[in-house]
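**Student:** Dropping a structure here in structure tokens format, bear with me for questions.
The values are calculated or read from the model by the stated rules, or taken from the named source; none is laboratory data. Predicted, not measured: the structure shown is a model, and the values here were computed from it. Quick reminder, even Gly has a Cβ in these numbers, built from the backbone with ideal geometry, and neighbours come from all protein chains shown. Each accessible area value is taken on the protein alone, full model and side chains, heavy atoms only, with ligands, DNA and RNA left out. Shrake-Rupley method; radii C 1.70, N 1.55, O 1.52, S 1.80 Å.
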Amino acid sequence: MQGKMRAALKAEAAPGAKVALVDIPSIGPRDVLVQVKAASICGTDMHIYEWDAWAQSRMSVPRIFGHEFAGEVVEVGDDVTTVAPGDFVAAETHIACGHCYQCRTGQANVCQNVQILGIDRDGAFADYISIPEQVAWKTGKEIDHSVASIQEPFGNAVHATYAGEITNKTVAVFGCGPIGLWAVGLCRVSGASTTFAIEPHHLRMDIARQMGADYVLNPAEVDPVARILEVTEGVGVDVVLEMSGHPVAMRQGFKALRNGGRVSLLGLPSRNIELDFANDIIFKGATVYGISGRRIFDTWYRTRRILEAGLLDVKPVITHHLPFDSFHEAMEIMRSGDCGKIVMTM
Ligand code: ZN
């Protein structure tokens, strides 16, 4: 398709981004052109916008960023067989190579040669995006555009929560950004017996209550480890879902875990951190999972079933809907932290 489109472009290796008119991307024989209907903002996008050390080390410019989206297929390459114009799709954002050891043994989420949409190739903060057919995820047209757009980060919550047993377990979710908040909801609907949410932002604390947390603890006011041990009669929780990446919260999570418990680590610490390995992992007999992306495509099938069956209402976590023309305003709201998920409509 010929023509121009709006796009949020990381044009220079410096903080910020510009919304500019650029060419609509051309597609290869195995690619799909999608007209973006909704795109949501991830913490990763904020790293790119601010151009922090991680972004500087990871990506090159110019690049259209953004990777959480949903939209309508408008054109397909000659060799595409599974998606057609008119289909409504979201996308797995990790493009696995398909032939490395991990890809060939069912672990494509940790592909050695992964390329990521909006980082390694142009992303979704634009009117159109070209994606490989292999990552297109057909989505029912009855699903709200904003909900369709957040399937990718919601999938992170699904992957982290269900990496081990959850039913009748006591769970502590450290960090209630959107993924933590959805994890709280998944714990509730999966029959966790007690769910603790640990989060300092008041708006996010309120949403955690709405998503079904039994105890919402502000670590600026109470010691979450002491409170969790008190409620669990000194045992600690069966499961810790670490969504903050904050060094203090990570250490508290391991302290709050019972002997023999499970930790899913998803939040990214910005630097190396110190943990008491001897007491909090080894002698504790802890099981520790690193959560990278979503299991391809097991997590997506689970996500679809949860949404289609209406098992969990994900909408309370979506706090802002803004038109794409308010891109910079959206990024400023994101920076403030006074938000859940922000969805931009194209
Ligand atoms: Zn691979």
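**Student:** Go over the candidates Ser326, Ser336 one by one and state the one that is surrounded by fewer than 19 Cβ atoms within 10 Å (Cβ to Cβ), assigned by TED's automatic domain parsing to the domain that holds Ala70 and at pLDDT 95 or above. Working first, answer last.
**Tutor:** Details: Ser336 fails: at pLDDT 95 or above.
From the options Ser326, Ser336, the qualifying one is Ser326.
**Student:** Moving on to the next point. Taking segment 1-36 on its own, how many of its residues are out of contact with any strand residue (DSSP E or B) (no Cβ under 9 Å at 6 or more places or on another chain) and either part of a strand (DSSP E or B) or aromatic (Phe, Trp, Tyr) (or both)? Show your work before the answer.
**Tutor:** First pass over segment 1-36, keeping only residues out of contact with any strand residue (DSSP E or B) (no Cβ under 9 Å at 6 or more places or on another chain): 13-15, 29.
Checking which are either part of a strand (DSSP E or B) or aromatic (Phe, Trp, Tyr) (or both) leaves us with none.
Number satisfying all stated conditions: 0.
**Student:** Is it true that some residue in segment 172-191 is within 16 Å of the ligand (Cβ to nearest atom) and in contact (Cβ under 8 Å) with a residue 40 or more places away in the chain? Give the derivation first.
**Tutor:** To start, the set of residues in segment 172-191 that are within 16 Å of the ligand (Cβ to nearest atom) comprises none.
Checked segment 172-191: no residue is within 16 Å of the ligand (Cβ to nearest atom) and in contact (Cβ under 8 Å) with a residue 40 or more places away in the chain.
**Student:** Still on this model: In segment 86-106, which residues are surrounded by fewer than 16 Cβ atoms within 10 Å (Cβ to Cβ) and either at negative phi or within 13 Å of the ligand (Cβ to nearest atom) (or both)? Please lay out each step first, then the result.
**Tutor:** Let us first name the residues in segment 86-106 that are surrounded by fewer than 16 Cβ atoms within 10 Å (Cβ to Cβ), namely 86, 97-99, 101, 104-106.
Correct list: Cys97, Gly98, His99, Tyr101, Arg104, Thr105, Gly106.
**Student:** Another question, if that's okay. Run Lys4 past the list (1) more than 22 Å from the chain's Cα centre (by Cα); (2) open to solvent by less than 20 Å² (accessible area, probe 1.4 Å) and report the number of the one that doesn't hold.
**Tutor:** So Lys4 meets the others, but not (2).
**Student:** Same structure, new question: Please identify the pairs in which a residue from segment 15-36 that is among the basic types (Lys, Arg) has its Cβ atom under 7 Å from the Cβ atom of a residue that is open to solvent by 60 Å² or more (accessible area, probe 1.4 Å) and outside any strand (DSSP E or B), counting only partners at least 6 apart or on another chain.
**Tutor:** Arg30/Asp79
**Student:** Separate question: Can you find, within segment 156-183, the residue that is most open to solvent (accessible area, probe 1.4 Å) among those that are closer than 19 Å to Phe297 by Cα and part of a loop (DSSP other than H, G, I, E, B)?
**Tutor:** Tyr162
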